[in-house]
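See below for the structure under consideration.
The values are calculated or read from the model by the stated rules, or taken from the named source; none is laboratory data. Bear in mind the structure is a predicted one, so any value in this text is a computation, not a measurement. Don't worry about glycine lacking a Cβ; one is built from the backbone with ideal geometry, like all the others, and counts go over all protein chains shown.
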Amino acid sequence: MSDDRNLKTLVKAALYVGGTALVGYGGYQLYKYCKNKYSRSVDEGFEDATKLEDSYIRKILVLGLESSGKSSLVSKLTQVKHVIKPTEGFNVTPMEVAEIVYNFWEIGGKDKVRKFWLNFLQDTDLLMYVIDSSDIHSLPITIKELKTLVGDERLKNVPVLVIASKCDTPGALTVRDVTDAIDVKSIESYKHKVKVLGDTNPSPEVDAIERIRQTIIALVKSPSK
Ligand SMILES: Nc1nc2c(ncn2[C@@H]2O[C@H](COP(=O)(O)OP(=O)(O)OP(=O)(O)O)[C@@H](O)[C@H]2O)c(=O)[nH]1
Ligand SMILES: [Mg+2]
């Protein structure tokens, strides 16, 4: 009887030790599997992140003569506060919409900075060109600069959004005036899609800044349409 009990105790103990070892081994295998899986997904993550980074960034080049209102406009569009003072070099201001980062590259418009504009043309997704509609005297020079830009091979197929700025100034040119002065039809349409917008609300229901923002997104998305 006592031998029987001893045997049962031994069997129970063996089962217990065996079971524990099995659970331990299973747990270890599970740990190894998760560790490998996690390491793999990190590597894949890095690969994907690089691709994502490139495909999720857009370059908006913001040009126009000095004091035309570029920094002010970028500040309104991105809602990033800028101290409004002449841009001596360039500013890059990001705006994120639907997981796409639109970087606004504003280069100063002063004569001495303007000569560097051409260094910034590469990889542009949209040219936003700001024309001060209250400065009629500078109109010929700003249009000449715009025509030089659209004639540059590096901007081929890049859409152009012209903003008639400071439309709130009494006596300022209208959007139609600016469109006519540019002679948009003279810009080769197979090379550039061109749009001209004003910076004041065209009607109480339409917010000018939101309309500019939406136009930027649409032009960048489908540049050839
Ligand atoms: N009336 C009026 N003035 C504006 C408007 N936008 C900007 N300004 C004024 O125009 C001046 C120049 O504005 P900025 O935004 O610095 O012009 P910018 O094109 O960035 O100038 P640079 O960096 O020197 O090339 C400032 O005094 C602004 O307050 C506007 O919509 N209406
Ligand atoms: Mg500026």
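Quick grid of which residues meet (1) surrounded by fewer than 13 Cβ atoms within 10 Å (Cβ to Cβ); (2) under 24 Å from Ser75 (Cα atoms); (3) free of Cβ contacts under 8 Å to residues at least 40 places away in the same chain; (4) assigned by TED's automatic domain parsing to the domain that holds Phe104:
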| position | (1), (2), (3), (4) |
| --- | --- |
| Asn119 | yes, yes, yes, yes |
| Leu127 | no, yes, no, yes |
| Ile131 | no, yes, no, yes |
| Asn157 | yes, no, no, yes |
| Ala164 | no, yes, yes, yes |
| Gly171 | yes, no, yes, yes |
| Arg176 | yes, no, yes, yes |
> of a type in the set (A, V, I, L, M, F, W, C), closer than 19 Å to Arg58 by Cα and not in a loop (DSSP other than H, G, I, E, B) - does that describe any residue in segment 176-194?
Replying inline: yes
> What number goes with the only condition from (1) modelled with pLDDT of 95 or more; (2) more than 13 Å from ligand 2 (Cβ to nearest atom) that Glu106 does not pass?
Replying inline: (2)
>> Conditions first: (1) outside any loop (DSSP other than H, G, I, E, B); (2) out of contact with any strand residue (DSSP E or B) (no Cβ under 9 Å at 6 or more places or on another chain); (3) surrounded by 12 or more Cβ atoms within 10 Å (Cβ to Cβ). Lys144 passes all but one, so which condition is the exception?
In response: (3)
>> Can you tell me which of (1) within 11 Å of ligand 2 (Cβ to nearest atom); (2) of a type in the set (Val, Ile, Thr); (3) more than 18 Å from Glu210 (Cβ to Cβ) is the one Val92 doesn't meet?
In response: (1)
> Of all strands (runs of 3 or more DSSP E) completely enclosed by segment 51-119, which ones contain at least 3 residues that are in contact with an Asp or Glu (Cβ under 9 Å, 6 or more places away or on another chain) and within 13 Å of ligand 1 (Cβ to nearest atom)?
Replying inline: 57-64, 90-97
> If you go through segment 200-207 one residue at a time, do you hit one that is in the same structural domain as Leu126 (by TED's automatic domain parsing), without any contact (Cβ under 8 Å) to a residue 40 or more places away in the chain, surrounded by 11 or more Cβ atoms within 10 Å (Cβ to Cβ) and of a type in the set (Val, Ile, Thr)?
Replying inline: yes
> Based on what the data block shows, is Gly151 of a type outside the set (Val, Ile, Thr) and exposed (fewer than 15 other Cβ atoms within 10 Å of the Cβ)?
Replying inline: yes
